[in-house]
Amino acid sequence: MELIGYQPCLADPDMWMRDAVKSNGTKCYEYVLLYVGDYLVIGENAKSQIKEIDKYFTMNQFNRSAKYISWSKNRELRAT
């Protein structure tokens with residue numbers, strides 16, 4: 001994960017974060033939570049985070065249950 005700019009959280013080594021900038025220019029963080037072969041991605045453009053992660057890490061396609069949470073400009077959270 002460090003290869004693509006994420007740093008582990010000191011409190012939980014399964015939570016990774018990196019600096020990001022929202023579409024409106026506000027600084028924020030993007031998060032990835034890992035557990036065995038699954039992960040949860042949190043960020044404004046979570047789908048692109050998943051594509052980037054998939055370039056470097058292979059998840060078991062049979063057991064994969066990748067989820068993501070993204071936020072829109074009106075701060076409403078959407079879980080998919």
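The values are calculated or read from the model by the stated rules, or taken from the named source; none is laboratory data. Keep in mind it's a predicted model, so treat the numbers as computed, not measured. Neighbour counts run over all protein chains shown; Cβ positions are idealised from the backbone, glycine included.
Which residues, taken from region 20-49, are surrounded by fewer than 16 Cβ atoms within 10 Å (Cβ to Cβ) and either at pLDDT 95 or above or outside any strand (DSSP E or B) (or both)? Within region 20-49, K22, S23, N24, G25, T26, V36, G37, K47, S48 meet the criteria.
Check region 51-72 and report whether any residue there is touching a strand residue (DSSP E or B) at 6+ places or on another chain (Cβ under 8 Å), surrounded by 14 or more Cβ atoms within 10 Å (Cβ to Cβ), modelled with pLDDT of 80 or more and not small (G, A, S). Yes; the residues of region 51-72 include at least one that is touching a strand residue (DSSP E or B) at 6+ places or on another chain (Cβ under 8 Å), surrounded by 14 or more Cβ atoms within 10 Å (Cβ to Cβ), modelled with pLDDT of 80 or more and not small (G, A, S).
The C-beta contact set for region 1-29 (first residue over 13 Å from V41 (Cβ atoms), second residue of a type in the set (V, I, T), distance under 6 angstrom, 6+ apart or interchain) comprises K27/V21.
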